[in-house]
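Colleague: Pasting a structure below so you can have a look.
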Amino acid sequence: MAKKEFFKGIKPIKFEGPKSKNPLSFRFYDPKKKVMGKTMAKHFKFAVAYWHSFTNTGGDPFGAGTKIYPWNENKDVLERAKDKMDAAFEFLQKIGINYFCFHDYDLIDEGPDLKTSKKRLDAITDYALTKMKRSKIKVLWGTANLFSHPRYMNGAATNPDFNVLSYAAAQVKNALDVTMKLKGENYVFWGGREGYMSLLNTDMKREQEHLAQFLHLAKDYARKQGFQGTFFIEPKPMEPTKHQYDFDCATVIGFLRQYNLIDDFKINVEVNHATLASHTFAHELQVAADAGLLGSMDANRGDYQNGWDTDQFPIDLYELTEAMLVLLESKGLRGGGINFDAKTRRNSTDLSDLFHAHIGGMDNFAKALLTAESILKNSDYKEIRKKRYASFDKGNGKKFEQGKLSLSALAKLALVQGEPDQISGQQELLENIINRHL
Ligand code: XUL
Ligand code: CO
């Protein structure tokens, strides 16, 4: 048993149905409810992001942290990390989420050198293991923070200095070891500083080749240790660097194909990263799904009025419904789940705000999933889209798809056929179908 209760007065959050007026209850998220033959818990595999919910205290470029977390008080590094883990496990158990995701130094502070850091990671993961054994809590994915420390200001795997690259390799090796020790189901690479600020001092081709080589080495090492999970790349176009190499899903897919990494790596799609790349979330999910690489999701949202990564909790039901349509039609996530890579606002300083934020996120995903199910089962949505392509289902259209018509043959057909009829795309009709089922 944990020594202390951190979230005092908050009882386990229960499903109470849409009529409930209790703000600390689920109105739509019912983990056991089946949707398209699978329980909600299995569709989502929700995870809490250790960094946003337990490590971050609300600091921003203009001011210090605002959140006074009782698990941050102990002066001893390991004791403080244990308190944080106790708080995390208490939160996970009360909210009913079975997974968490972490960067190495979210679990415990980085030490003054690699050796000390490794010792600290060993100690806190021993503690994690004992807690995991006594609960249902698991690791959805682990990762290494290769972006906060000043040594990574010019990149980690893409750093022009080999000494930084090898330091990053040591850190990734430790992070992989820790993830495997905790039986993490997946491992993420988000290349926060893998990109560049100015082409004037950058050999882009060489940096990208280094990144590919680095990913191969990490993958080979983990596989050799028996890791069977999936590696995810998390695309993001910018911030912190101006140009990031993993710009969006299409860029990542091209990279994985070019460097022969496609069999081991899939994609972790984040909502606000999609927005920053000038895409919709649904677009990015569909690109990944079409390539068979939709691995996991980082759930959050951006802000319509500014262009940076605000990591707010997801509230837009329309956007989430579009996302859930892609999820259901592509038969789910490959290995991953839905990690709330989202933080409460800087002025949300009550401990209960962490609950409200996650309850909102989970309920909105649940409502969106139910809406998507209803659209797929009770509307013409699929039929309307399929019909648009009906001319390719038979006759010459089919022959074209089968590669049986040359360009000259197509040209001849056009001569006979003349000007094509105008056919509506019916976008507004489809948009209304979504709203009608919400
Ligand atoms: C940053 C981001 C990261 C990754 C993990 O924008 O999304 O937190 O999810 O490194
Ligand atoms: Co993320």
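The numbers here are math on the coordinates, done by the rules we state, and not lab data. Not measured: the values here are computed from a predicted model. Note that each Cβ is placed from the backbone with ideal geometry, even for glycine, and that neighbours are counted across all protein chains shown.
Colleague: For an R0 of 35 angstrom, estimate the FRET efficiency from the Cβ-Cβ distance between Lys394 and Lys33 and round to the nearest 0.05.
Modeller: The computed FRET efficiency comes out at 0.30.
Colleague: Can you tell me how segment 198-238 classifies by the Cα gyration tensor, rounded, prolate or oblate, using a/c under 1.5 as the rounded cut?
Modeller: Oblate, since a/c reaches 1.5 and b/c is not below a/b.
Colleague: If you don't mind, there's one more thing I want to ask. Measure nothing fancy, just the Cα-based angle from helix 204-224's long axis to the longest principal axis of the chain, in degrees from 0 to 90, nearest 10.
Modeller: Tilt of helix 204-224: around 70 degrees.
Colleague: I've got another one for you. Relative contact order for the chain: what percent, with Cα pairs under 8 Å and sequence separation of 6 or more?
Modeller: 15
Colleague: Once you order the gyration tensor axes a ≥ b ≥ c over the Cα atoms, which shape class does the chain get: rounded for a/c under 1.5, otherwise prolate or oblate by comparing a/b with b/c?
Modeller: Judged from the Cα gyration tensor, the chain comes out oblate (a/c at least 1.5, b/c at or above a/b).
Colleague: With everything on Cα atoms, drop me the angle between helix 352-378 and the longest principal axis of the chain, reported from 0 to 90° to the nearest 10.
Modeller: Relative to the chain, helix 352-378 is tipped by roughly 20 degrees.
Colleague: If you fit an axis through the alpha-carbon atoms of helix 317-329 and take the longest principal axis of the Cα set of the chain, what angle between them do you get, 0 to 90°, nearest 10?
Modeller: So the helix axis and the longest Cα principal axis differ by about 70 degrees.
Colleague: Of the chain, which part is the longest with no chymotrypsin sites (Phe, Trp or Tyr not before Pro) in a loop (DSSP not H, G, I, E, B) and with at most 14 other C-beta atoms within 10 angstrom?
Modeller: The answer is 63-303.
Colleague: I need the Debye-formula profile for segment 37-172: one equal scatterer per C-alpha, no solvent, reported as log10 I(q)/I(0) at q = 0.13, 0.21 1/Å, two decimals.
Modeller: Taking Cα atoms of segment 37-172 as identical point scatterers yields -0.65, -1.33.
Colleague: Quick one: work out the % antiparallel among DSSP beta bridges in the chain, nearest 5.
Modeller: Taking every DSSP beta bridge with both residues in the chain, the antiparallel ones total about 15 percent.
Colleague: Mind checking segment 273-336 for trypsin sites (Lys or Arg not before Pro) that DSSP puts in a loop (not H, G, I, E or B) and that have at most 13 other Cβ atoms within 10 Å?
Modeller: Passing both the DSSP loop test and the Cβ count: Lys331.
Colleague: While we're looking at this one, here's another question. What does the charge add up to near Ser278, with Lys and Arg as +1, Asp and Glu as -1, over the other residues with Cβ less than 11 Å from its Cβ?
Modeller: -2
Colleague: Now a separate question. Would you kindly state how much longer the chain becomes between Thr116 and Met153 on full extension, computed as 0.36 nm times their sequence separation minus their alpha carbon distance, in nm to one decimal?
Modeller: Length gained between Thr116 and Met153: 11.1 nm.
Colleague: At 0.36 nm per residue, minus the direct Cα-Cα distance, what do Leu199 and Lys331 gain on full extension? Give it in nm, one decimal, please.
Modeller: 43.4 nm
Colleague: Also, I was wondering about something else. For the chain, what is the mean residue ellipticity at 222 nm derived from helices alone (per DSSP H run of n ≥ 4: -39500 (n - 2.57); sum divided by total residues; nearest 500 deg cm²/dmol)?
Modeller: Rounded to the nearest 500, it is -14000 deg cm²/dmol.
Colleague: Here's a follow-up. Tally Lys and Arg at +1 and Asp and Glu at -1 over the other residues with C-beta under 14 Å from the C-beta of Asp264: what net charge comes out?
Modeller: Counting the neighbours of Asp264, the net charge comes to +4.
Colleague: What does the C-alpha gyration tensor say about the overall shape of segment 398-438? Classify as rounded when a/c is under 1.5, otherwise prolate if a/b is larger than b/c, or oblate.
Modeller: Note, shape of segment 398-438 comes out oblate.
Colleague: Tell me the label-point distance for the pair Gln402, Lys3, using the 7 Å Cα-to-Cβ offset, in nm and rounded to one decimal.
Modeller: 7.5
Colleague: Further, regarding this structure: Could you work out how far apart the two model spin labels at Gln422 and Arg80 are, taking each label as a point 7 Å from the Cα in the direction of the beta carbon, and quote it in nm?
Modeller: Computed distance between label sites Gln422 and Arg80 equals 6.7 nm.
Colleague: With contacts defined as alpha carbon pairs under 8 Å and 6 or more residues apart, what's the relative contact order of segment 1-121 in percent?
Modeller: After rounding, I find 26 percent.
Colleague: Just report the Cα centroid separation between segment 1-48 and segment 335-389, whole Å.
Modeller: Measuring centre to centre over Cα atoms gives 14 Å.
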